[in-house]
Amino acid sequence: MANPAGVMRCRRTWTGSLPLLLICIVGALRLSAQAAVTSDDGPLQTNTDVARVRMIGNDDILKMARAGLSDDILVQTIQSKPGHYDTAPDDLIALKTAGISDRVISTMEAHGTGLVMRPSKTAVEISPLVAGVDEIGVYYKSTKGEQAGQWLPLQTERVVFKSGGAAKSILTHGIISKDMNGHLTGPTSALSLPTGVEILIYAPLGTDANEYDFLRLQEHKDNREFRTLTGGVFHSESGAERNELEFHPKKIATQMYTFTVPADIEKGEYGVLPPGSANTQGLAGTGKIFTFAIRE
């Protein structure tokens, strides 16, 4: 908008020369434009704001659930949309109290760790890469109470290894000299599991579940023991007994394998021996074994 005061001054100073009048008016218009740019609203600037991606959080999941959206939709939203979910114990309790299902909560937890989902015949469910399986070890899937469906760590016990000859007087069968004998303190494991339980092995990088041993432990009054050939099979002169049981681990994810304890397995003491526990033959040493008992 032109500056009226400036134009009036041009008219008052006009002495009859049309070019001088035009020059004066152009100058007034320029001053008017500069004044508009430097008004109280400040100088005009380029808008550098960009649209920010909105992160979905706990409150959004609660709103969607209250609106009646199904678990399938909630899980798909969590998987496909950017989000940040608070999963501290108090947050999980609040979600559960609000009626959010374990499946949705597990998906929220998995989202924060970059874990994957896998399909099943009935629904889409979290693969065993879930909260609770956060370090190398062996786990079992609980079937009881509030923890049903969750992966929980197996009992870990210290095992002492000795060369085969050290246990010859204890065992009834002859022992091949290359065998290693593992000894555990106490007559039984503190953990009792049912037959048909699913076991998860989270193996170290560079190892395979087939390098683990699934063992039936020999029970004594105050200890348990087993024989193995540095992760191999149990040997005896007759070949009638074995400590190592056949199992068929299935790979479900990177470093993740599962197998099922047979439904017809005998009652007794069992262990899963990780590789490397006794890989120095003929020398005494210690390691760890994951144990459980079948008593049902």
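The values are calculated or read from the model by the stated rules, or taken from the named source; none is laboratory data. Note that the coordinates shown come from a computational prediction; the quantities given were computed from them, not determined experimentally. Methodologically, a virtual Cβ is constructed for each residue, glycine included, from the backbone with ideal geometry; neighbour enumeration extends over all protein chains shown.
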Looking across the stretch 150-169 at residues that are at pLDDT 80 or above and not in a strand (DSSP E or B), the single one that is surrounded by the fewest Cβ atoms within 10 Å (Cβ to Cβ) is GLN150
Subset of the stretch 204-229, residues at pLDDT 90 or above and in a loop (DSSP other than H, G, I, E, B), comes to TYR212, HIS220, LYS221, ASP222
